[in-house]
Amino acid sequence: SLKSFVLRKPLVAYPDSTYTSVLRKIKGRNGSIGGEILKRFNIIMDYTNARIILKRNSNFKNKFIYNKSGLEVENEGIRLVTEYEPNTMSNTSKDNKSSNTINVQAVYTNTRKFVVKKAYTISFVRPNSPAARVGLQKGDVILKINGNDTIKYTLQELIYKFYDKEGKRITMEVERFGKRIKVTFSLESLIN
């Protein structure tokens, strides 16, 4: 509960003992509130009085969802991606003075360019999770998910793919030390 607000079956995380010892040194600290709870409120930050004001919103009664893959992903590094510009046309002409005709020849070309895009990298793989069982590793760069290039997604959109319902199949193509690896796994509940 947060004052008068009661949240049913919220997801919580407890930091490990090393991290907890650092947090205990911060005076006045009384825990952290994550995004799954905060998205259920409209929030006003009252800096003058050092408080926040919460008003429940339409997300308040939604079930709590969580990542069922066992992966944590971050935006780290860059990828060099080949892009093709649409066909461009150039005209060449010859003036045939004897017949007063002009021959026009259209030449279509694809212009290829290399573009730097953000890379989504696996930062953690939970032991015994669906992702761990198929061999995904920390440092793998995610190239595709369910057949779509990850450059189409924001980090949040990519991570949300792992929040789908239990049993949803995920196909991923990753790069590890220059080698492409394709894996498939199903999301599963990691909470008993």
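For the reader, a short list of remarks on this structure follows.
- With R₀ set to 25 Å, the beta-carbon distance separating ARG176 from THR154 gives a calculated FRET efficiency near 0.60.
- Once both labels are positioned 7 Å from their Cα atoms along Cα-to-Cβ, the gap between VAL81 and ALA50 label points is 4.6 nm.
- Label selected from (1) 123; (2) 135; (3) 251, the criterion being volume of the Cα convex hull per residue in Å³ as computed here: (3)
- Dipole of the chain, positive direction: furthest Cα of SER69, GLY31, SER1, with charges on the beta-carbon: SER1
- Given LYS118/LYS182; LYS144/LYS168; LYS118/LYS165, the pairs whose alpha carbons are separated by over 25 Å: LYS118/LYS165
- Proximal aspartates and glutamates relative to LYS9, as straight alpha-carbon distance under 14 Å, when same-chain residues fewer than 8 apart are discounted: GLU36
- A simple count of charges around GLY178, restricted to other residues whose Cβ falls under 13 Å of its Cβ and scoring Lys, Arg +1 and Asp, Glu -1, yields +2.
None of the figures in this text is laboratory data; all of them are computed from the coordinates on show. All figures in this text were calculated on a predicted structure; none of them were measured in a lab. So basically every Cβ, Gly included, is an ideal-geometry build from the backbone, and we count neighbours across all protein chains shown.
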